[in-house]
C-alpha cells in the first residue's frame, strides 16, 4: 500500500468568522487547529500532507503554517481556483468564489497516488479519530463491484454552535455502513436538540443524537474519476448559479445510492470541536488547554 496522505482543505476564507481562521492561534503557544491535525496525523502514521489553498494567500500560508511541517513530513500544495473547470464550462458572470469541496479535492488529484484522508483545515478531530482512520485506509479495496471508503462520524449535538447556525452532513447508517448523507446548511441549536431552518416554513427538527459528517473521510484514488463525473454533472445542472457549490458529502451520498460505493462508519472516542463564529474561539482554546494539561499533547506542540 502507498503511504497514506492527509489532504487538508484550507482554501476557504471563513466568511462567517471574518478572516483566515486557519491561521488563528488556538493553542497555549500559538498553535493553530491545523497544527494539531498534522500532529495527530503523524502520530497515526500519515507520511504526506497536501494542502489545498488559494494563490492569493500562498506565501502567508506557507510561512505561517507549511513551514512548521516541511522538516517533519512531506508537504505539497494544490490550488483551488474559480476558473479551474472541465473543458466546455466557463465561469458565469457575477461568480466570485470557487465551486466547493468537490472541486477542492479534484485540485489535488495530481498530488495523491494512494489512500488518503480528507479533512477541513479549521476542524479539530482528535488523536483517536486520526488513528482509527489511518488504520482503516489499508483496508479500502474494491469489493462486490463497489469502491470502499470510510468516514469518521460525530454526534450532532457535540458539533453545534451557541452563536448561530452551522452546516452539517446528517447521516444514517446500518450495520456500520453509511446509508444516506443529507446536507443541511442552517442547523441551529435548540433546547431539545437542533433544527434545520433552511426553509423556515418547514423546519426539520433533529434530536441532536444524529450522526453527522464533519468532512473526515477515508478515500482511495478510485474517487477521482467518480468526482470528475459528479462535478461535470453538477456544472450542467447548477453551473449558472453564481452561489452553487458541489459538496463531497452529497457526492458520496449519490455514490452510495447508485451502488457505486460503500462507506464504513468509524466510531471514535475523540471529541470534535471547531470555529464557525468568532465567539466559538474561547471554547476551542479552553478545550485544547484541557487536552494539553491532561497530557494528550506536548506544550509547545512542536518542541
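Picking from residues in region 83-92 that are out of contact with any helix residue (DSSP H, G or I) (no Cβ under 9 Å at 6 or more places or on another chain) and without any contact (Cβ under 8 Å) to a residue 40 or more places away in the chain, the one that is nearest to residue 5 (Cα to Cα) is 83. Put simply, of 72, 47, 68 the only residue that is closer than 26 Å to residue 285 by Cβ and surrounded by fewer than 16 Cβ atoms within 10 Å (Cβ to Cβ) is 72.
None of 130, 154 is touching a helix residue (DSSP H, G or I) at 6+ places or on another chain (Cβ under 8 Å), under 23 Å from residue 268 (Cβ atoms) and buried (at least 17 other Cβ atoms within 10 Å of the Cβ) except 130. Scanning region 227-249 for residues being assigned to a helix (DSSP H, G or I) and surrounded by 19 or more Cβ atoms within 10 Å (Cβ to Cβ) gives a total of 7. Quick check on region 272-303: of everything there that is in contact with a strand residue (DSSP E or B) (Cβ under 8 Å, 6 or more places away or on another chain) and not in a helix (DSSP H, G or I), which residue is modelled with the highest pLDDT? Among them, the one singled out is 272. Across region 108-125, the number of residues qualifying as surrounded by fewer than 23 Cβ atoms within 10 Å (Cβ to Cβ), over 20 Å from residue 2 (Cα atoms) and either out of contact with any helix residue (DSSP H, G or I) (no Cβ under 9 Å at 6 or more places or on another chain) or modelled with pLDDT of 95 or more (or both) comes to 0. Screening region 167-221 for residues that are in a loop (DSSP other than H, G, I, E, B) and within 20 Å of the chain's Cα centre (by Cα) and picking the one that is surrounded by the most Cβ atoms within 10 Å (Cβ to Cβ) gives 210. As a summary of the residue check, residue 141 satisfies the conditions (1) assigned to a loop (DSSP other than H, G, I, E, B); (2) buried (at least 20 other Cβ atoms within 10 Å of the Cβ); (3) over 16 Å from the mean Cα position of the chain (by Cα) except for the one numbered (2).
The values are calculated or read from the model by the stated rules, or taken from the named source; none is laboratory data. The structure presented is a predicted model; accordingly, all values stated were derived computationally and were not measured. We place every Cβ from the backbone using ideal geometry, glycine too, and count neighbours over all the protein chains shown.
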